[in-house]
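Note sheet for the following structure.
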There are 2 protein chains.
Amino acid sequence: MSQDRNKQTLRIGICGLGTVGGGTYHLLNSKKTEITRRVGMDLDIVHVATRHPAPELAKSGIRVSTNVFDVANDPEVDILVELIGGYEPALELVLLAIANGKNVVTANKALIAVHGNTIFEAARKKGVVVSYESAVAGGIPIIKALREGLAANSIQWLAGIINGTSNYILTEMGENNRDFPDVLKEAQQLGYAEADPTFDVEGIDAAHKLAILASNAFGIALQFERVFTEGISHITTGDIAYAEELGYRIKHLGITRVTELGIELRVHPTLVSEQALIANVNGVMNAVVVKGDSAGSTLYYGAGAGAEATASSVVADIIDIARAGRDETQGASIPPLAFTALRNDLKILDITEIESEYYLRISARDRVGVFAKISQVLTHYGINIEAVIQKEPHGSDLEKGIVPIVLLTSRINEAAMDVAIAALEALEEVDGQIMRIRVEQFDGENG
Amino acid sequence: MSQDRNKQTLRIGICGLGTVGGGTYHLLNSKKTEITRRVGMDLDIVHVATRHPAPELAKSGIRVSTNVFDVANDPEVDILVELIGGYEPALELVLLAIANGKNVVTANKALIAVHGNTIFEAARKKGVVVSYESAVAGGIPIIKALREGLAANSIQWLAGIINGTSNYILTEMGENNRDFPDVLKEAQQLGYAEADPTFDVEGIDAAHKLAILASNAFGIALQFERVFTEGISHITTGDIAYAEELGYRIKHLGITRVTELGIELRVHPTLVSEQALIANVNGVMNAVVVKGDSAGSTLYYGAGAGAEATASSVVADIIDIARAGRDETQGASIPPLAFTALRNDLKILDITEIESEYYLRISARDRVGVFAKISQVLTHYGINIEAVIQKEPHGSDLEKGIVPIVLLTSRINEAAMDVAIAALEALEEVDGQIMRIRVEQFDGENG
């Protein structure tokens, strides 16, 4: 690492001047005096790489490249800030910067979730720091909370609303009784959702972030490919209304938990008690609840995206590196995944191995004894019914003689629930597929 | 600072084995393996001072003293953990530890709020670290969030529920329609409130914590003596019910905000929109909302007290010091109050200089034209009425011919409101004192 303890300037190279890159550039410039007052040294942008350099940049005195690798090879850059996104050339860029002894700050959740193990190993060997606070939950300092603030805790579980787009859509569906496609279209028009919304609404973006959170919570290698992922496109306004009637909200959560069997790692729509603080996190906002054995439940809330909020965390990472002021022989003092030695004795559980309570919505034929038959099947598989809603049929359901039956079940293994649902769907009284949404009680805490 | 970079053990001395001290002792022992896995070195308790040593302690191999100064003078102690509380001998103890080149971790909010400036100056000169995460909001890493996670932000304001006892009392009063004295008595029986509850219910404890938060938010010297403090003992269940009817909850908040005039620094009951996340923080739980110019509003929630939650933050501070692994010449990398140079150009405003919206409850004589007269007085002082509740009188009010009128006003300077209230109280239609509670809108954000 090229930073010198006696040097009063830390030299920054920014790769990418898109939304977050532009925000970071602006933040470092506009807050120069205040940051120096905090850090006791100057943070200077000395090199910027962007495909389309604005004419003003040339006048700034900052070196400007169109090739990001020029920044990684610049001997006068102490910290390379990777904000180009995607896997390539971001991976090659970050590895080159590390090889050249530079610290790296990145907001690239996909890169860290998928290639983090490789990157952190390279950084460890070279004794440099790779920071990524901005990759998860934008402006919320959740990585810092997990790695440092809660370092005295064994983390038991965490659960987060870590994708603003899907939270915005679910909030709008619930508050204004609007269908998913309708709200999605609006979110795209507002710029909250991409033209291809798959990453957000199918939970892939949340899965990237959850993989990173889980590694920091439990000290395990990044295992994005093991995250169970279910999106929100099949959720109906009816489900949201039934959930509300039962005292719940539907949130798209990333959940990870350590159990005796291994580690749960899953992103899916979830019923959460309306009393829980996280159930009241609305719109594009993010929040993460962390359950530690000493601190209990703590919750972290804020903007999960946006140029300014994300840049806030990018610059906080830069300030951390500046304040640590470490020399080349020292290496990172805070391990990239919270622990100096990762555990490999904890396997990631398959979704069939988890336990949960369930919300089931069953389209049943409106006949005498149908409810008795359904409850008989559930009882057969050891599943208790904790709550029921059965309403008069209406609309096309009425014509077809279909009545919706909504159930909350007791806690049961998911594999057992799969079998029970198959048995229910095989009943001639049941029409089509059963809607299944997992329910989380968060140990009764006000998380 | 006596800590050696090559040494694989950090030696800890704990002063005080009360609730938090006992919790810290237990946590460091029970989590020894996991902490070593996080830090890469051993954290060993080598010396404990307690007035009443338990017989087991002697068998532990740890040096045991009844005099806390023995720990400060022990050359084999790297970090002194001050958990005796109070001003003296805590101040003398901490200053001696610093003079002897030891790092200090303390949970003592009163000590930091009142003597922090002296302590931090001594630590700066000696190049040691004094950490106090556990002094504010127990297990919530709020000091870390302010000093590090949000370091790229100019903080605009923060507001917190930072005393669990008063939040528990207000929650109980609201949820179960019970009067203050009744709930206080129960809180004392449950151990949530002290025999002398003044510190908690009059806001002194919250004022200690708010002074610390404000210094970290704005980079100003600690000025506990300048905090405006108003307790909750005058709040009635009627006020809570009226507030609810208007869409608000009453919370005992610490609020600090930088304005063009200076810094607001105040603890008082506050009406907060029921939509705000902080309005839904109930029971003994704490939460702090921080508004930064880049990150926007972020909120931090968790247990604000208790042996385990507080010990979680004490040990996190110890781990931070261990991970930093600094040598004697380096000194603190993270300034104790977030900035390397404090500002002295920001004066703390008197409560009469703030601006706020207000809740007013007026006991008016049930006569024709009384409301017109009240609104005439308010209009005269430039105060608009934003909402009104006027109910039929009942009980003793009915006999006396008194009707309660509840108003929400527009934003106005507090000095002007003082004059307006005096004018209202001078009306012969107004009976007794007017109840005034400040209202915060938090800029319309979902904080």
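Distances between placed amide hydrogens fall under 5 Å for B:LYS347 paired with B:ILE263, all partners being 5 or more residues away or on another chain. Mean separation of Cα pairs under 8 Å and 6 or more residues apart, divided by the residue count, gives segment B:355-444 a relative contact order of 49 percent. Taking A:SER333, A:SER396, A:SER30 in turn, the Gaussian network model of chain A (Cα-Cα springs below 10 Å) assigns the largest fluctuation to A:SER396. The A:LEU57 and A:GLU88 beta-carbon pair, evaluated with R₀ = 22 Å, returns a calculated FRET efficiency of approximately 0.30. Computed over all pairs of different Cα atoms, the Kirkwood value for the hydrodynamic radius of segment B:142-303 is 16.0 Å.
Applying a threshold of 21 Å to the alpha-carbon distances of A:LYS109/B:LYS31; B:LYS144/B:LYS209; A:LYS32/B:LYS209; A:LYS291/B:LYS144; B:LYS209/B:LYS251; A:LYS185/A:LYS391 flags A:LYS109/B:LYS31; A:LYS32/B:LYS209; A:LYS185/A:LYS391 as lying beyond it. Peptides A:138-145, A:435-442 ranked from most to least packed by the mean count of surrounding Cβ atoms within 10 Å: A:138-145, A:435-442.
Across chain A, Cα pairs under 8 Å and at least six residues apart give a relative contact order of 17 percent.
Accessible surface calculations at 1.4 Å, restricted to protein heavy atoms, place segment A:180-308 at 32 Å² per residue. For segment A:348-424, the alpha carbon positions stretch 46, 22, 20 Å along the principal axes, listed from largest to smallest.
Given just the C-alpha atoms of segment A:77-226, how large is their convex hull per residue in cubic angstrom?
135 Å³
Inter-copy label distances at B:LYS32, using a point 7 Å along Cα-to-Cβ, come to 5.3 nm with the shortest given first. Taking all protein chains as they are arranged and a probe of 1.4 Å, the heavy atoms of A:ASP44 leave approximately 50 Å² accessible to solvent. Note on segment A:1-110: Cα convex hull, mean projected area over all directions, 6.7 nm². What angle do you read, to the nearest 10 degrees and between 0 and 90, between the alpha-carbon axis of helix B:109-126 and the longest principal axis of chain B? The angle comes out near 40 degrees. For B:GLU88, the point set 7 Å out from Cα toward Cβ sits 7.2 nm from its twins in the other copies, listed from shortest up.
Averaged over the residues of peptide B:302-308, the number of Cβ atoms from other protein chains lying within 10 Å of each residue's Cβ is 4. Evaluate the Debye formula for chain B with equal point scatterers sitting on the alpha carbons, no solvent, and hand back log10 of I(q)/I(0) at q = 0.08 Å⁻¹, in q order, two decimals. Rounded to two decimals, the profile gives -0.51. By the Kirkwood approach, averaging reciprocal distances over each pair of separate Cα atoms, segment A:220-297 gets a hydrodynamic radius of 14.3 Å. Positive-end ranking of A:GLY149, A:LEU10, A:ASN286 along the dipole of chain A, with charges on Cβ about the Cα centre, is headed by A:LEU10. Taking amide H as placed 1.01 Å from N in the peptide plane, A:ARG365 has its amide H under 5 Å from the amide H of A:VAL403, A:VAL430, A:ASP431, each at least 5 places away in sequence or on another chain. The mean count of C-beta atoms from other chains within 10 Å of the C-beta of residues in A:160-173, rounded to a whole number, is 0. Amide H contacts under 5 Å for B:TYR248: B:GLU274, restricted to partners 5 or more places along the chain or on a different chain, H placed in the peptide plane at 1.01 Å from N. Approximating the spin labels as points 7 Å out from Cα along Cα→Cβ, the A:ALA415-to-A:ARG343 distance works out to 2.2 nm.
Note on chain B: antiparallel DSSP beta bridges, both residues inside, total approximately 65 percent of the bridges counted. Sorting B:225-238, A:300-313 by average packing, meaning the other beta carbons within 10 Å per residue, from highest down gives A:300-313, B:225-238. Compared with the dominant Cα axis of chain A, that is its longest principal axis, helix A:19-30 is turned about 50°. Label-to-label distances for B:HIS52 across copies, nearest first, come out at 7.4 nm, using points 7 Å from Cα in the beta-carbon direction.
Chain A against chain B buries an accessible area of about 5100 Å², both chains summed, 1.4 Å probe radius.
Sequentially through segment B:206-217, phi angles give Karplus couplings (6.51, -1.76, 1.60; θ = phi - 60°) of 4, 5, 4, 5, 5, 4, 5, 4, 4, 5, 6, 6 Hz, Gly and Pro residues having no value and appearing as x.
Surface composition of segment B:142-303: carbon plus sulfur atoms contribute 47% of the solvent-accessible area (1.4 Å probe, protein chains only, all chains present). Plainly put, the protein assembly as shown has a radius of gyration that is 0.99 times its Kirkwood radius, both from alpha-carbon atoms, as the Rg/Rh ratio.
Take each residue of peptide B:18-28, count the partner chain Cβ atoms within 10 Å of its Cβ, and average: the result is 1.
Mind jotting down the distance between the C-alpha centroids of segment A:52-122 and segment B:387-447, whole Å? Segment B:387-447 and segment A:52-122 have Cα centres spaced 59 Å from each other.
The values are calculated or read from the model by the stated rules, or taken from the named source; none is laboratory data. Note that the structure is a prediction, hence the values are computed from the model and not measured. Quick reminder, even Gly has a Cβ in these numbers, built from the backbone with ideal geometry, and neighbours come from all protein chains shown. Note: accessible area is taken over every heavy atom of the protein model, side chains too, but ligands, DNA and RNA are not part of it. Shrake-Rupley method; radii C 1.70, N 1.55, O 1.52, S 1.80 Å.
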